[in-house]
Amino acid sequence: MTSEVSALPDETAAADVSVVVPARDEAENLPILIEEIAAALSGRAFEVIVVDDGSGDGTGEVVRALAGERAWLSCLRHEAACGQSAAVRTGLLAARGRIIATIDGDGENDPAYLPRLVDALEAAGPAIAMAAGQRLKRKASFLKKIASRIANRVRGAILADGTRDSGCGLKAIRREVFLRLPYFDSWHRFLPALVIREGFGVVHLDVLDRQRRFGQSKYGIWDRFWTGLLDLFGVWWLRRRRRRIPQVTEVVGHDGERHL
């Protein structure tokens, strides 16, 4: 049974919100998650884009079957697994919404927070480009929680991005700003710092973590830690090299035409 939603009327229509869901081997979790997203955003014009990152469990087939009865749902597929950041970027480039919301495909993020993030972003005004979730009461293993805590503290000390938990999959970002951000693998873990680099602010919302219903995490702890450490210094370098943000105003040229 589908939720009562504002479906997109045609392929050229714009959505208020595009929800990008990176997923790898989440065929069992996605049918539940997709319905939860639709219920959370009921009454808004939205679309959901699931990016199947080279799954081997029929994830793409499951989503395509669901999309047959849901005009707001689409699925893109990577032929081989390219990683979560690549999946988020694939969804971003296909999205039509003014605001792009992201949520992990494993069901650990609660879609009930999506409208709260969107509302917080819109209420904050144009100087703010991102609303980021920060997890409370995480359901991960003890070792994973410790590794995440260490990584977040090191990242916060070096980047000073004011974000306690940059790894939370729940985010809402203005599309035009999202498209400006420099891309690299593991990019999704540094989005607050990259948004700040563009001269915009970030607001935060505490969210409760959930236990995944089916399957297990596809990402390791220490491989992600060491890769993340290298990326951390790369992002630090990027921020150091952006010394001044241009303040652009509209002017009228001598020919009477408007120029930016």
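Each value in this text was obtained by applying a stated rule to the coordinates, not by laboratory testing. All figures in this text were calculated on a predicted structure; none of them were measured in a lab. Methodologically, a virtual Cβ is constructed for each residue, glycine included, from the backbone with ideal geometry; neighbour enumeration extends over all protein chains shown.
Odds and ends about this structure:
- Protection proxy ranking for 170-182, 18-30, 202-214, 48-60, using the average of other Cβ atoms within 10 Å per residue and placing the highest first: 18-30, 48-60, 170-182, 202-214.
- In segment 42-129, the GluC sites (Glu not before Pro) that fall in loop regions by DSSP, at most 15 other Cβ within 10 Å: Glu69, Glu79
- Extension gain, Lys137 to Arg180, is 12.2 nm, computed as 0.36 nm per intervening residue step minus the present C-alpha separation.
- For Glu250 and Glu122, a Förster radius of 22 Å and the Cβ-Cβ distance give a FRET efficiency of 0.35, rounded to the nearest 0.05.
- Note on Ser42 and Ala94: with the Förster distance fixed at 25 Å, the Cβ-Cβ geometry gives a FRET efficiency of about 0.65.
- Given R0 = 51 Å, the distance between the Cβ atoms of Glu198 and Ala80 translates into a calculated FRET efficiency of 0.95.
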